[in-house]
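Each remark here refers to the structure printed beneath this line.
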């Protein structure tokens, strides 16, 4: 039987996937087709959404991309006749297929294939066999050993060995222990965890159950960002179904091991991605980090031994138990084992979710998989690790993806946000953007972070406005170092990274802003002028009619010009011009 | 008991939530989320009521509520514009959109238009990075935006609201 799956992660739905689904549902009834229509999660090719996959039983026949509601008739015609001409223009190109074919999917396996709302679909694809193996055939110690052999490290950003945390929590005194999943994915530009939860929630639950068994926890809690409503709905349904099947709850698989699950929706605070702040938030308080030690493994949630891992970390666990730690450790480099998921966005041609073995180069992801820039401008840099990370410039594109190698550049592996920028992005503006974020999100506990980030932002603001002074760069560096040493939590200590890396690699851009009062990328609005390029202007007058300030004048069929005194730099003329004649300089 | 004056909130709407959660430790954020779902925002009399029923000091209730960006203390407009300011949207021009919204509606982050139709809220990341720049208005996501598209969407919503009001 023909099966049709419509990718419905948040991205897909935003691009119109649920409308396509509804139209297909109607078309199937109208045309009386013998087709099984179902929902699947994020396929990962976000730039091609909405995506419709046509399966013959379990093998993918055709993948259709950028499908619109109006295409459902053609899809129906194809299903009826098998005549490919009906859908030819929708079929994914070989170039785009390469985006998925060049990936190695462990954490993302099943995403975009299984139906996230049906536990049976997960089970029939081999789901929960690793849990059974762990509970029935393995001791908690041997589970921890297997994770140790695998060399799995925390995927949330810090890269701390997972087995070590599990072992510490296991060895802590006390009957009552908690296993917590950090799904408070706060880095702007990162959506790997959301995709895992929305697309394959049972994989997360399975990994968490194995972790709970290993440390001896009877309760598991998932702390999810409030901005992810669909993830919460799918997770709730998955837990309910697992409960009904006896996979979550009392005496799982008759092993004597019991574990209950609960979801806690966050309320919007970036700092809650820090594990001790997350615990405070779980307890109903302001999410302010605690002093470590004691570590959560000794004294965490309600001061009981607790273990906190990120979504992607748990998403690897069942694969490791099923295939063995050695198999996992074969992938990657000496220091970094396995794969890493990246959410690749920005000025990239093919943006989406990419899972690759550690040890690949940045350029493999950006050019081979991502297809390079979507604009006609040159590749400038990639930002890794969000507000805690940094920018790695184009001439270092051969840097190997590995915890140590990336840290050596001043950036970090981070949770997987990878924002690609071209020559039109101002690096001072980029640093300003992140500091604006961290200054707002600083919880306020430590003076250096609370006031330091604010001061950094003020200086950067000034520089972007053309009011920079000599000595500002040194002042920025000093302040950054103060924050690094004076902040309590990891997020505070890394908050200056975006400033430090941009100064390190783009000092000339800072100097251009400060000394020449010029923004080389043409992005800082106070430092650019809008002008009309006489070689391109055809004198159509469209821009002058759009200009709300009456700043553009000229004669029809002759070159128009902009009066910079009157210009408010709103950019409407750039949108209006069909010849690309309005330029920012 | 709630009074019937227009400036006080109907506190009885919160009874079920408080019956369920008041004595469960660590539930304050959940209670606040449910309260906001009921009232649309967190009026100060509601916060005081939560404090007195749960026994949590009012200072802590206000402290927690003001810590998290999800909570608001003023009613929002008919259309809540959540403008994504994530990294991908930033790189693809979200600042220009914020300016467009200001030029069109005269509101900045956190403000509501005088006619009560639109509220603008900058949000960290909506997670639809491949469609950047993005905004979400009352659960509907609009992607690949340009200033022109934003102006058209706002004009359409305004028209719809005016038509509704006329009917």
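Data table
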read-out: So residue A:54, is it assigned to a strand (DSSP E or B), within 32 Å of the chain's Cα centre (by Cα), farther than 29 Å from residue A:311 by Cβ and in contact (Cβ under 8 Å) with a residue 24 or more places away in the chain; value: yes
read-out: Residue match in region A:219-235 (condition: more than 23 Å from residue A:417 (Cα to Cα), crowded, with 24+ Cβ neighbours inside 10 Å and either in the same structural domain as residue A:155 (by TED's automatic domain parsing) or without any contact (Cβ under 8 Å) to a residue 40 or more places away in the chain (or both)); value: no
read-out: Only one of A:316, A:309, A:243 that is more than 13 Å from chain B (Cβ to nearest Cβ) and in a strand (DSSP E or B); value: A:309
read-out: The lone exception for residue A:199 - which of (1) within 14 Å of chain B (Cβ to nearest Cβ); (2) out of contact with any helix residue (DSSP H, G or I) (no Cβ under 9 Å at 6 or more places or on another chain) it fails; value: (2)
read-out: Candidates A:300, A:207, filtered to the one that is out of contact with any strand residue (DSSP E or B) (no Cβ under 8 Å at 6 or more places or on another chain) and crowded, with 20+ Cβ neighbours inside 10 Å; value: A:207
read-out: Enumerated helices (runs of 4 or more DSSP H) restricted to region A:423-503, each holding at least 1 residues that are within 22 Å of the chain's Cα centre (by Cα); value: A:427-441, A:490-494
read-out: Every pair of residues 6+ apart whose Cβ atoms lie under 8 Å, when the first sits in region A:285-299 and is within 20 Å of residue A:163 (Cβ to Cβ) while the second is in a loop (DSSP other than H, G, I, E, B); value: A:296/A:305; A:297/A:172; A:297/A:305; A:298/A:172; A:298/A:305
read-out: Residue match in region B:144-167 (condition: on the phi < 0 side of the Ramachandran plot, buried (at least 17 other Cβ atoms within 10 Å of the Cβ), in contact with a strand residue (DSSP E or B) (Cβ under 7 Å, 6 or more places away or on another chain) and within 9 Å of chain A (Cβ to nearest Cβ)); value: no
read-out: Qualifying residue in region A:505-512 (condition: surrounded by fewer than 20 Cβ atoms within 10 Å (Cβ to Cβ), out of contact with any strand residue (DSSP E or B) (no Cβ under 7 Å at 6 or more places or on another chain), under 30 Å from residue A:470 (Cα atoms) and within 14 Å of chain B (Cβ to nearest Cβ)); value: no
read-out: Residue in region A:137-155 that is within 14 Å of chain B (Cβ to nearest Cβ), over 30 Å from residue A:434 (Cα atoms), touching a residue at least 60 places away in the same chain (Cβ under 8 Å) and part of a helix (DSSP H, G or I) present; value: no
read-out: Flag if residue A:182 is under 29 Å from the mean Cα position of the chain (by Cα), within 30 Å of residue B:131 (Cβ to Cβ), more than 14 Å from chain B (Cβ to nearest Cβ) and in a helix (DSSP H, G or I); value: no
read-out: Selection status of residue B:46, out of contact with any strand residue (DSSP E or B) (no Cβ under 9 Å at 6 or more places or on another chain) and surrounded by 13 or more Cβ atoms within 10 Å (Cβ to Cβ); value: yes
read-out: Filter pass, residue B:124 being within 7 Å of chain A (Cβ to nearest Cβ), buried (at least 17 other Cβ atoms within 10 Å of the Cβ) and out of contact with any strand residue (DSSP E or B) (no Cβ under 7 Å at 6 or more places or on another chain); value: yes
read-out: From A:195, A:134, A:130, residue being within 14 Å of residue A:318 (Cα to Cα) and buried (at least 24 other Cβ atoms within 10 Å of the Cβ); value: A:134
read-out: Residues of region A:398-412 classified as closer than 17 Å to residue A:360 by Cα, part of a loop (DSSP other than H, G, I, E, B), in contact with a strand residue (DSSP E or B) (Cβ under 7 Å, 6 or more places away or on another chain) and more than 14 Å from chain B (Cβ to nearest Cβ), total; value: 5
read-out: Count - residues of region B:44-86 that are over 13 Å from the mean Cα position of the chain (by Cα), outside any helix (DSSP H, G or I), on the phi < 0 side of the Ramachandran plot and not assigned by TED's automatic domain parsing to the domain that holds residue B:121; value: 2
read-out: Among (1) away from every other protein chain (no Cβ under 13 Å); (2) surrounded by 19 or more Cβ atoms within 10 Å (Cβ to Cβ); (3) in a helix (DSSP H, G or I), the one test that residue A:4 misses; value: (3)
read-out: One residue from A:268, A:284 being out of contact with any helix residue (DSSP H, G or I) (no Cβ under 8 Å at 6 or more places or on another chain) and not in a helix (DSSP H, G or I); value: A:268
read-out: One residue from B:44, B:9, B:52 being touching a helix residue (DSSP H, G or I) at 6+ places or on another chain (Cβ under 6 Å), away from chain A (no Cβ under 14 Å) and farther than 25 Å from residue A:277 by Cβ; value: B:9
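The values are calculated or read from the model by the stated rules, or taken from the named source; none is laboratory data. Computed from a predicted structure; not experimentally measured. Glycine also receives a Cβ, built like all others from the backbone with ideal geometry; neighbour counts cover every protein chain displayed.
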